[in-house]
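Below you'll find the structure, written out as structure tokens, and then a few comments.
The values are calculated or read from the model by the stated rules, or taken from the named source; none is laboratory data. Since the model is a prediction, treat every value here as computed from it, not as a measurement. All Cβ positions, even for glycine, are placed from backbone atoms using ideal geometry, and neighbour counts span all protein chains on display.
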Amino acid sequence: MAFTLLLLLGGCSSIDPYTREGVWRPMGSNEANLRIHVADPAMLDRGVDDRHADGRVMAQAVDRYRHDRVRPLPASSVSRVQATGQGPMPSAAGGGGDGGR
């Protein structure tokens with residue numbers, strides 16, 4: 001039985017989309033695409049400082065996260081989630097459906 005299983009698994013390489021002959025392989029395409037879209041390729045090696053960043057504030061945020069004292073996000077006037085007044089959803093076991101008709 002184990003021998004038959006090994007024979008069957010050996011045939012998987014012929015249908016695997018990453019190892020099959022005649023299929024496209026990325027071969028560094030992500031890195032090439034990134035280098036095309038970056039304004040200064042040197043930034044990929046050394047990064048860029050943020051003049052407005054405050055390391056102390058960032059460190060305090062990490063400390064709050066590590067000690068489970070995360071502050072809630074400020075309220076936004078974009079959208080509020082409110083109940084619509086509808087009761088709880090009926091359970092699937094309740095049986096009151098129409099059978100998909």
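Going through (1) of a type outside the set (Ser, Thr, Tyr); (2) assigned to a loop (DSSP other than H, G, I, E, B); (3) surrounded by fewer than 10 Cβ atoms within 10 Å (Cβ to Cβ); (4) at pLDDT below 80 one by one, Asp40 falls short only on (4).
Among the residues making up the stretch 83-101, a single one is among the polar types (S, T, N, Q) and either surrounded by 10 or more Cβ atoms within 10 Å (Cβ to Cβ) or at pLDDT 70 or above (or both): Thr84.
For the stretch 16-36, residues that are assigned to a loop (DSSP other than H, G, I, E, B) and of a type in the set (Asp, Glu) total 2. The set of residues in the stretch 26-37 being among the aliphatic types (A, V, I, L, M) and either exposed (fewer than 10 other Cβ atoms within 10 Å of the Cβ) or touching a Lys or Arg at 6+ places or on another chain (Cβ under 6 Å) (or both) consists of Met27, Ile36. Taken together, Asp63, Asp45 contain a single residue that is of a type outside the set (A, V, I, L, M) and surrounded by 10 or more Cβ atoms within 10 Å (Cβ to Cβ), which is Asp63.
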